[in-house]
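Reading through the structure tokens given below for one structure.
Rule-based calculations on the coordinates, nothing more; no lab input. Values in this document were obtained by computation on a predicted structure and should not be read as measured data. Please note: Cβ atoms are built from the backbone with ideal geometry, for glycine as well, and neighbour counts cover all protein chains shown.
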Amino acid sequence: MAKKPGARARAEFVFFNVTYEDGSQRSNRRVPADALADGDAGARGVIEEQDRAVAEKSGIPPLAIKTINRAA
């Protein structure tokens with residue numbers, strides 16, 4: 001029997017704004033809500049891992065994160 005539309009489990013995300021050491025900013029970075037079980041501190045590790053993956057593909061080293069704030 002076919003499932004009803006919208007019956008799939010949906011991943012919940014929390015959005016963060018990131019400021020890097022060089023002054024650049026990235027808005028609305030998605031972090032899975034289950035990674036924030038210990039609070040917003042878990043977002044840094046997830047975002048750093050995302051940055052490493054992008055840096056590996058592009059060949060440009062990742063930037064150092066200065067601040068991370070939850071998007072409004």
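Tell me the angle of helix 41-58 to the major Cα principal axis of the chain, expressed in degrees between 0 and 90 and rounded to the nearest ten.
Around 80 degrees separate the two axes.
Using a basic spin-label model with each label point 7 Å from the Cα along Cα→Cβ, how many nm lie between ARG30 and ASN69?
Output for this residue pair reads 2.4 nm.
Given Cα pairs under 8 Å that are at least 6 residues apart, what percent is the relative contact order of the chain?
So the answer I get is 37 percent.
What is the extension gain from GLU12 to ALA37, computed as 0.36 nm multiplied by their sequence separation minus the C-alpha to C-alpha distance, in nm to one decimal?
7.7 nm
What does the charge dipole of the chain about its Cα centre add up to, to the nearest 20 debye, if the Cβ of each Lys and Arg holds +1 and the Cβ of each Asp and Glu holds -1?
Taking the Cα centre of the chain as origin, the dipole is about 540 debye.
Longest exposed-loop-site-free stretch of the chain, with trypsin sites (Lys or Arg not before Pro), DSSP loop and at most 16 other Cβ within 10 Å?
11-72
Which entry in [x] 1.68; [y] 1.08; [z] 1.36 matches Cα Rg over 2.2 N^0.38 Å derived from the coordinates of this structure?
Recomputing Cα Rg over 2.2 N^0.38 Å here gives the entry labelled [z].
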